[in-house]
Amino acid sequence: MSNVEKTVLVINCGSSSVKFAIINPNDGHVYLNGIAEYLNLPEARIEWRFEGQEKQSQDLGNKADHDIAISFLNSNILATRPDLLESLCAVGHRIVQGGELYTEPTLVTDEVEAGIEKCIPFAPLHNPAHLIGIRAARKAFANVPHVTVFDTAFHQTMPPVAYRYAIPEELYTKNGIRRYGAHGTSHGYVAAEVAKQLNADPENFNVITCHLGNGASVSAVKNGKCVDTSIGLTPLDGLVMGTRCGSIDASVVFFMCDVLGYKVEEVREIFNKKSGLMALSTTTSDWRGITEGYEKGDEKCTLAFEMFCYRLAKYIASYYVPLGHVDAIVFTGGIGENSYLMRKRVVELLPEVFGAKLDLEANSKARAYLGGSGPIHSADSKVKIVVVPTNEELVIARSAFKFVK
Ligand code: AMP
């Protein structure tokens, strides 16, 4: 008899990849995780690991697509673990953009697929891939409910002063041009988690959440609800990111096109893929490489390091406006969870009036890759500062499980 409790299959489809995990929504136990990569390319392959076992991998064949990857997961990988297959009670799908249509996790129907399709203009790389994934998974796992969890949903509580742009109204009302935010599942998770860790009432608790990974954003969360965030219409806005420039004067686009002769597609490519830490350092988009250069005194890496921290500190300071009073600042994501040097610099940059002070030893120990996290503020800090590893898969698993219950 199986001793595996009820589980959820979490699927996160990118344009050429499918990440998957089978999770117990109650305790977060991960039974299986893996990734199919290079889909639609000659080197398409899949890699997976069952809990407590070695990693396995398999070529999927020339130009294998999402359909093939998901059916391989069902017919080959899970076929070896009928108990796990049996335990599946839902599939949860991560969706980057739900526009104003979705403020909650939603049971997948044909109508929801059409809604995700409508939001494609705001996430042209992600939403089409999500749809392919949903369709493939609905075929392969037809006997369980499928639930979509939208990254933008958490930010739908922002007031118009935060989400509108000061441009003609009909561009919003007719065309949906507004700020939508990103990484909402992560911001929502760490905001709730930090309140829990500090024994605070999440509905009476103000927190600034910094999700800092390859993509990065900051949110102001008042009493559990998002009131502002650094990402705008698309994930190009806000902080300096791995290869994205973050906030930039729109006139730079006009100048590049009108005066320098760039095509719009070229500017898009430069701002998304060739900017950010990559452009500043000229060598790497990876924070570990930036930090290494910074510690050795490399001028370009130092500029990248300093700009990243400076812009983040400015956002944190500005979120005292919507929040008034701030109970906690939370760091998460690959950079936020690990880079004690970044956290130290950001807190140093915050003006004294905010009274944010670190416990340097706790800060240095809080590195998720070494198993460290938790509070890093000093006893006399006016604001709690906490490192909370994010767990978007768990949120998706829990959201999907709610529908089954
Ligand atoms: P994510 O997108 O959340 O996976 O984060 C990726 C970013 O986290 C990359 O820039 C990595 O360099 C950075 N990162 C991962 N591990 C570490 C670490 N141990 N120290 C500093 N940065 C890290």
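The values are calculated or read from the model by the stated rules, or taken from the named source; none is laboratory data. Since the structure is predicted, the reported quantities are computational estimates derived from the model, not experimental observations. Every residue, glycine among them, receives a Cβ derived from its backbone with ideal geometry; neighbour counts consider all protein chains shown. Calculation scope for accessible area: heavy atoms of the full protein, side chains included, ligands and nucleic acids excluded. Shrake-Rupley method; radii C 1.70, N 1.55, O 1.52, S 1.80 Å.
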Discussion item. Can you tell me which residue is farthest from LYS55 (Cα to Cα) among those in the stretch 77-123 that are hydrophobic (A, V, I, L, M, F, W, C) and open to solvent by 40 Å² or more (accessible area, probe 1.4 Å)?
Written reply: LEU101
Practice prompt. Run down VAL221, VAL227, VAL267 and say which single residue is of a type in the set (A, V, I, L, M) and either open to solvent by 60 Å² or more (accessible area, probe 1.4 Å) or in a helix (DSSP H, G or I) (or both).
Written response: VAL267
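Yes/no per residue for (1) touching a residue at least 40 places away in the same chain (Cβ under 8 Å); (2) in contact with a helix residue (DSSP H, G or I) (Cβ under 8 Å, 6 or more places away or on another chain); (3) part of a strand (DSSP E or B); (4) of a type outside the set (Asp, Glu):
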| site | (1), (2), (3), (4) |
| --- | --- |
| SER15 | yes, yes, no, yes |
| ALA21 | yes, yes, yes, yes |
| GLY28 | yes, yes, no, yes |
| TYR31 | yes, yes, yes, yes |
| ALA36 | no, yes, yes, yes |
| LEU41 | no, no, no, yes |
| GLU47 | no, no, yes, no |
| GLY61 | no, yes, no, yes |
Worksheet item: Is it the case that some residue within the stretch 300-307 is surrounded by 20 or more Cβ atoms within 10 Å (Cβ to Cβ), within 16 Å of the ligand (Cβ to nearest atom), under 22 Å from the mean Cα position of the chain (by Cα) and assigned to a helix (DSSP H, G or I)?
Response: yes
Worksheet item: Based on what the data block shows, is LEU107 out of contact with any Pro (no Cβ under 7 Å at 6 or more places or on another chain) and hydrophobic (A, V, I, L, M, F, W, C)?
Response: no
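One line per residue, one yes/no per condition, for (1) within 27 Å of ASN127 (Cβ to Cβ); (2) touching an Asp or Glu at 6+ places or on another chain (Cβ under 9 Å); (3) not basic (Lys, Arg):
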| position | (1), (2), (3) |
| --- | --- |
| ILE248 | yes, yes, yes |
| TYR262 | yes, no, yes |
| ARG268 | yes, no, no |
| LYS273 | yes, no, no |
| ASP298 | no, yes, yes |
| GLU306 | no, no, yes |
| TYR319 | no, yes, yes |
Worksheet entry | Single match in ILE329, ILE376 (criterion: touching a residue at least 12 places away in the same chain (Cβ under 8 Å), surrounded by 23 or more Cβ atoms within 10 Å (Cβ to Cβ) and more than 16 Å from the ligand (Cβ to nearest atom)) | ILE329
